[in-house]
1. Here are 88, 51, 46: which of them is surrounded by fewer than 12 Cβ atoms within 10 Å (Cβ to Cβ) and assigned to a helix (DSSP H, G or I)?
2. Return the total of residues in the range 54-85 being surrounded by 15 or more Cβ atoms within 10 Å (Cβ to Cβ), under 19 Å from residue 133 (Cα atoms) and within 13 Å of the ligand (Cβ to nearest atom).
3. Could you identify the single residue in 69, 59, 38 that is over 27 Å from residue 164 (Cβ atoms) and out of contact with any strand residue (DSSP E or B) (no Cβ under 8 Å at 6 or more places or on another chain)?
4. List, please: which pairs have Cβ atoms under 6 Å, are six or more places apart or on different chains, and start with a residue in the range 62-83 that is free of Cβ contacts under 8 Å to residues at least 60 places away in the same chain and end with one that is within 11 Å of the ligand (Cβ to nearest atom) and not in a loop (DSSP other than H, G, I, E, B)?
5. How many residues are more than 17 Å from the chain's Cα centre (by Cα) and free of Cβ contacts under 8 Å to residues at least 40 places away in the same chain if we restrict to the range 109-132?
6. Kindly indicate which of 143, 135 is outside the structural domain of residue 229 (by TED's automatic domain parsing), in contact with a helix residue (DSSP H, G or I) (Cβ under 9 Å, 6 or more places away or on another chain), more than 22 Å from residue 223 (Cα to Cα) and in contact (Cβ under 8 Å) with a residue 24 or more places away in the chain.
Ligand SMILES: [Zn+2]
């Protein structure tokens, strides 16, 4: 199956069995596309990744029209807006800090990692909007560290900032979005906010019923969590 950044199917697993489900209307004879990469990032980053790992450049609709790029790279609205050069430099900084963090995960302590996240968010926040994908990337990493050290409130704070822009940037049926709703739902439940937990877990289920199929064991598991609370 070939790659597209606007895929019409999602591949999920039941044990070792791979299942392919349509997430869009597919006409007879139309090619079936899945996504090989994380679709959060703007066109240039996605294609760097595709060239590095799969040795091709994508020419899907999103890569041609780049409709989401501007929103994904959103700059903070200031009275004194940053120069084009300052924006370019900050993007370069963001890509470096993402790489630095990826390496640091192997040998730094949680509190050191959280510090990298917070410092970079501070620095990038001078130029980028909170919904900018590089901000979201570091918030997601920070959320991961908070989950690891069982700081549920901290994890929830990051998750709440991430979910709305995530839903906008990823395709309508996305496992990344479903997994974020699932994390949020479980955090709300752990923190005794049942109404919010209910709502978030149902959002996850709605996506997973399409991506995984209604009878998938993951979904029964989440439904059981809803009943137990
Ligand atoms: Zn593409």
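1. Working: 51 fails: surrounded by fewer than 12 Cβ atoms within 10 Å (Cβ to Cβ); 46 fails: surrounded by fewer than 12 Cβ atoms within 10 Å (Cβ to Cβ).
None of the other options fit; the residue is 88.
2. The qualifying residues number 4.
3. Values: 69 fails: over 27 Å from residue 164 (Cβ atoms); 38 fails: over 27 Å from residue 164 (Cβ atoms).
Residue meeting the stated conditions: 59.
4. Note: pairs meeting the criteria are 63/43; 66/43; 69/43.
5. Keep residues of the range 109-132 that are more than 17 Å from the chain's Cα centre (by Cα), which gives 109-116, 118-120, 122-128.
After this cut, where a residue has to be free of Cβ contacts under 8 Å to residues at least 40 places away in the same chain as well, the list is 109-116, 118-120, 122-124.
Looking only at that region, the number is 14.
6. Numbers: 135 fails: in contact (Cβ under 8 Å) with a residue 24 or more places away in the chain.
Only one candidate passes the filter, namely 143.
Rundown of residues vs (1) in contact with a helix residue (DSSP H, G or I) (Cβ under 6 Å, 6 or more places away or on another chain); (2) part of a helix (DSSP H, G or I); (3) under 23 Å from residue 136 (Cβ atoms), yes/no style:
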residue: 158; (1), (2), (3): yes, yes, yes
residue: 162; (1), (2), (3): yes, yes, yes
residue: 181; (1), (2), (3): yes, yes, yes
residue: 189; (1), (2), (3): yes, yes, no
residue: 196; (1), (2), (3): yes, yes, yes
residue: 215; (1), (2), (3): no, no, no
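The values are calculated or read from the model by the stated rules, or taken from the named source; none is laboratory data. This structure is a prediction, so every number in the text was calculated from the model and none was measured. In this analysis, Cβ positions are derived from the backbone assuming ideal geometry, glycine residues included, and neighbour counts consider all displayed protein chains.
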